[in-house]
Amino acid sequence: MTNFKNIIAEKIAKQIDMDAKTIEGYIEVPTNKAMGDYSFPCFKLAKELRKAPQMIATELKEKVEIDEKIIEKVEVVNGYLNFFVNPVLLVKTVLEEIDNKKECYGSSNIGAGKNIVIDYSSPNIAKPFHIGHLRSTVIGNSLYKIHQFLGYLCVGINHLGDYGTQFGKLIEGYKRWGNEYQIEENPIDELTKIYIRINNLCKEDESVLEACRDNFKKLEDKDEYCMSVWNKFRELSLKEFQRIYDLLDVHFDSLNGEAFYSDKMTEVVEMLEKTGKLVPSEGARVIDLEDKQMPPCMIEKTNGSTTYATRDLAAILYRARNYDFDKAIYLTSYEQILHFKQVFEVAKLLDLDERYTSNLVHIPFGMVLLKTGKMSTREGNVIKLEELLQESVARVKEIMDAKNPDLENKEKIAEIIGIGAVVFNDLYNSRVKDEIFDWDEMLNFNGETGPYLQYIYVRTNSILQKAGYVPSLPEVDFEELNNKVALDIIKQLYSFGDVVKQAAEKYEPYLIARYLIDLAQLFSSFYNDNKIIVEDKKVQDARLYLTYSVKTVLEAGSKLLGMKMPERM
C-alpha cells in the first residue's frame, strides 16, 4: 500500500540534513482536516537551521518536489508544512489493498520470526473468577490477537494461581470442615466459604495460621494427603473456569501455573547462591536491592518455603529455554508493579542471556472497583464474572424480545451482543485507569459501546444482502468516492494498520476500540447522507464497495478486541 508519510519524508530529507526515518517520526496527522492529510512541524528544525519555522516552511515548500498525482497540494500555515494527498489515488490505494488482503487488511509481517510470550488471566484456583479477573483476561487476549495479526508467534500462558500459603489455609479448612460442604456440587462457592471461615480463624488464632503455613510446606515437599486435596481443588476449579473462557472465546497455549515450577525452583536458588547476593534476613533469604532503590526481594521464607518471586524467576528461566522469547509480557494490576520490578532485576542474576532479561515487560492496568471499594475473596464481596456475563446476555435478550421478537437464533445473538458489550466496555478506555464497576454503565447500549459497533456492522451486512452482490473492484469508479463524507471514511480505513501497530507498541487495545467507534460513526453519517442502493449503477457500485470495506475492517478490528459480530440483531 502506498505509504504517503514515507514519500513526504523522503522528499523533505533530500532538502535538509536529516534522515527520512526521523522526519517520518515528526510528521503528524492534523486533527483539523482542513489543515491537510499530513503536517510537518518546522519548529523541529528552527534551532539547527537558525531560522524562523515560518521561513523554513516557506523555503521547503518551494524546494520539495512531489508529483501532483501523489500529493495534490502543499500549504504553509504558521510554521507547518501541510500536505494534501491526491484523493482519487488515496481511494484507489485503500480499496485495492482491501480487495487484495480482505480480512487480513491492516495486518503485517513486522513480527515474523519473533516469539512473544504473553502471561494473562491467571485466576486463583478454588476462588471465584470475579470481574477483577476480567481485565487481565480480555486485555491479554486482545494483545495476543493484535501481535498475532502483526506476524508474531505468540504463546498465551494462563499462569494459574495454584500454589502458595492460601492453599495451606484451604487444606487446613478442608481437614477441619470438608464434610460440612457440598464441594463436588458447587466447588468454587463452597471452597470460598471454607477459605473465608479458615481465614477468620487464622486472625483469631496464630497457631492455626502456623498450621496452614506447615500445610503449604508439606505441599511443596509432595506430602501425599496435601497433594491429593490440592489436585482435587485444581481439577474442580479448572472445570468451572473453562465455562467462562468458553463464553469469552478465550484460549491458551499453556495452563502451567505456579505449581508447575515447584520442582524448578531449586535451580533458581542455586544460581542465586552462586552470585553471593542471596543473603539471610530475619530467618528468611533475600536479594538485597537497596542499590536499585527497592526493598529486598524475598526468595525463601523463614520455614524454607518459596515465594511468588521464586516461582516467577523459575518461570522466566523455563520460558527463555522453551519458547526462546524475544519478549515476555506480563499483564497484572498495577498493585504488582514493585513485585515485577524486583523480579526482573533479580532475573539479571540468573544464568540467562541478556536478550531475555532485557525483554521482560510488565503491563499494569487499573483495577475494577466496587462503589464501596476493593473486592476481596477474604471478605466475600466479589461479583462473579460468569454471573455478570449471564446478566448482560439476559438484558440484551429482553431488549431484543421487545424490539425484534421474531428474530431467529435469538439466544445466540443475545450472547454475542451481551458478551461483546462487556468486553468492549473494558477495552474502550486506557488500561491504566481504574474502573468503578457500575451495572448501568457496563450495560449501556447507547453511544460509544460494543452493541453500537455491532449494530453498524449489521447495517453494512444488510445493505450488501439487499443489494445481492459486492462489486468487483475493476467495476468501481474511484471518482464517485471523491467527496468529503466518503473520503473521511477512506482516510479512516487507510490508518487502520498504523493504529494496530500503535496498539501493539503501547500495549493499548483501546486505540483500536476508539478507532472502530470513529469508523462506525463516519459510516453512519455517510449512510444518512447518501442512499447506497440507487438507479445509477456506477454510483451504487462505488458506495457498495465502500460499505463492504467498512464491514471488513469493523469485523477485523473487533476480532482483535476479542469480540464477535452478529449477522443480524
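Yes/no matrix, rows are residues, columns are (1) under 14 Å from the mean Cα position of the chain (by Cα); (2) crowded, with 23+ Cβ neighbours inside 10 Å; (3) on the phi < 0 side of the Ramachandran plot; (4) free of Cβ contacts under 8 Å to residues at least 12 places away in the same chain:
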| position | (1), (2), (3), (4) |
| --- | --- |
| D119 | yes, yes, yes, no |
| S122 | no, no, no, no |
| N141 | yes, yes, yes, no |
| G151 | no, no, no, no |
| G161 | no, no, yes, no |
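If I filter region 503-510 for residues that are more than 28 Å from L247 (Cα to Cα) and assigned by TED's automatic domain parsing to the domain that holds V423, do I get at least one hit? Give the derivation first.
Of region 503-510, the ones more than 28 Å from L247 (Cα to Cα) are 505.
Restricting the remaining residues to those that are assigned by TED's automatic domain parsing to the domain that holds V423 gives 505.
Within region 503-510 (the criterion being more than 28 Å from L247 (Cα to Cα) and assigned by TED's automatic domain parsing to the domain that holds V423), the answer is yes, since at least one residue qualifies.
Looking only at region 183-207, residues that are under 37 Å from the mean Cα position of the chain (by Cα) and not in a helix (DSSP H, G or I) come to 4 in all.
Only one of E190, E220, E180, E184 is surrounded by fewer than 23 Cβ atoms within 10 Å (Cβ to Cβ), of a type in the set (D, E) and touching a Phe, Trp or Tyr at 6+ places or on another chain (Cβ under 6 Å). Can you tell me which?
E190
Just the residues that are among the acidic types (D, E), under 30 Å from I110 (Cα atoms) and free of Cβ contacts under 8 Å to residues at least 24 places away in the same chain, please, taken from region 504-542. Write out each step before concluding.
Step one: list which residues in region 504-542 are among the acidic types (D, E), which gives 505, 508, 518, 529, 535-536, 541.
With the extra rule that they be under 30 Å from I110 (Cα atoms), the set shrinks to 505, 508, 518.
Matches in region 504-542: E505 only.
Can you confirm whether V550 is among the hydrophobic types (A, V, I, L, M, F, W, C) and either within 30 Å of the chain's Cα centre (by Cα) or more than 28 Å from N483 (Cβ to Cβ) (or both)? So V550 fits the description; yes. Tell me yes or no: at least one residue of region 472-489 is within 26 Å of the chain's Cα centre (by Cα), in contact (Cβ under 8 Å) with a residue 24 or more places away in the chain and surrounded by 15 or more Cβ atoms within 10 Å (Cβ to Cβ). Yes: one or more hits. Counting only helices (runs of 4 or more DSSP H) that fall entirely inside region 240-352 and contain at least 2 residues that are over 26 Å from M367 (Cβ atoms) and at pLDDT 95 or above, the qualifying elements are 265-275, 308-323. Listed here are the helices (runs of 4 or more DSSP H) enclosed by region 444-559 that have at least 3 residues being of a type in the set (A, V, I, L, M) and either in contact with a Pro (Cβ under 9 Å, 6 or more places away or on another chain) or under 30 Å from N6 (Cα atoms) (or both): 484-494, 496-506, 510-529.
From G132, G168, which residue is outside any strand (DSSP E or B), more than 30 Å from D324 (Cα to Cα) and in contact with a helix residue (DSSP H, G or I) (Cβ under 6 Å, 6 or more places away or on another chain)?
Working: G132 fails: in contact with a helix residue (DSSP H, G or I) (Cβ under 6 Å, 6 or more places away or on another chain).
It is G168.
Filtering region 537-565 to residues that are closer than 16 Å to K466 by Cα and among the charged types (D, E, K, R) leaves K537, D541, R543, K551.
Here M55 clears all of (1) more than 40 Å from the chain's Cα centre (by Cα); (2) under 23 Å from Q492 (Cβ atoms); (3) of a type in the set (A, V, I, L, M, F, W, C) except the condition numbered (2).
If you go through region 88-124 and keep only what is touching a strand residue (DSSP E or B) at 6+ places or on another chain (Cβ under 6 Å) and among the aliphatic types (A, V, I, L, M), you end up with I116, V117, I118.
Residue count for region 1-45, restricted to those that are free of Cβ contacts under 8 Å to residues at least 24 places away in the same chain, of a type outside the set (S, T, N, Q) and either outside any loop (DSSP other than H, G, I, E, B) or closer than 11 Å to Y80 by Cβ (or both): 13. Taking the listed residues I183, I110, I146, I98, the one that is modelled with pLDDT under 95 and not assigned by TED's automatic domain parsing to the domain that holds E480 is I183, with no other qualifying.
Checked across region 363-381, the condition of being in a helix (DSSP H, G or I) and at pLDDT below 90 holds for no residue.
Taking the criterion of being at pLDDT 90 or above and either hydrophobic (A, V, I, L, M, F, W, C) or not assigned by TED's automatic domain parsing to the domain that holds F167 (or both), the residues of region 193-218 that qualify are I194, I196, I198, L201, C202, V208, L209, A211, C212.
Rundown of residues vs (1) assigned by TED's automatic domain parsing to the domain that holds L487; (2) exposed (fewer than 15 other Cβ atoms within 10 Å of the Cβ); (3) within 29 Å of Y515 (Cβ to Cβ), yes/no style:
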| residue | (1), (2), (3) |
| --- | --- |
| I8 | no, no, yes |
| E24 | no, no, yes |
| K33 | no, yes, yes |
| Y38 | no, no, yes |
| P41 | no, no, yes |
| L45 | no, no, no |
| A52 | no, yes, no |
| E59 | no, no, no |
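Looking at region 396-404, can you tell me whether even one residue there is modelled with pLDDT of 95 or more and small (G, A, S)? Within region 396-404, none of the residues are modelled with pLDDT of 95 or more and small (G, A, S).
If a residue has to be part of a helix (DSSP H, G or I) and either touching a Leu at 6+ places or on another chain (Cβ under 6 Å) or in contact (Cβ under 8 Å) with a residue 12 or more places away in the chain (or both) to count, how many in region 98-112 make the cut?
The first filter runs over region 98-112 and keeps only residues part of a helix (DSSP H, G or I), leaving 98-104.
Subset that is either touching a Leu at 6+ places or on another chain (Cβ under 6 Å) or in contact (Cβ under 8 Å) with a residue 12 or more places away in the chain (or both): 98-99, 102-104.
Of the residues in that region, 5 qualify.
Residues that are farther than 28 Å from Y507 by Cα and basic (K, R) within region 89-123 comprise just one, K92.
The values are calculated or read from the model by the stated rules, or taken from the named source; none is laboratory data. This is a predicted model, so every value here is computed, not measured. Here the Cβ is made from the backbone with ideal geometry for all residues, glycine too, and neighbour counts use every protein chain on show.
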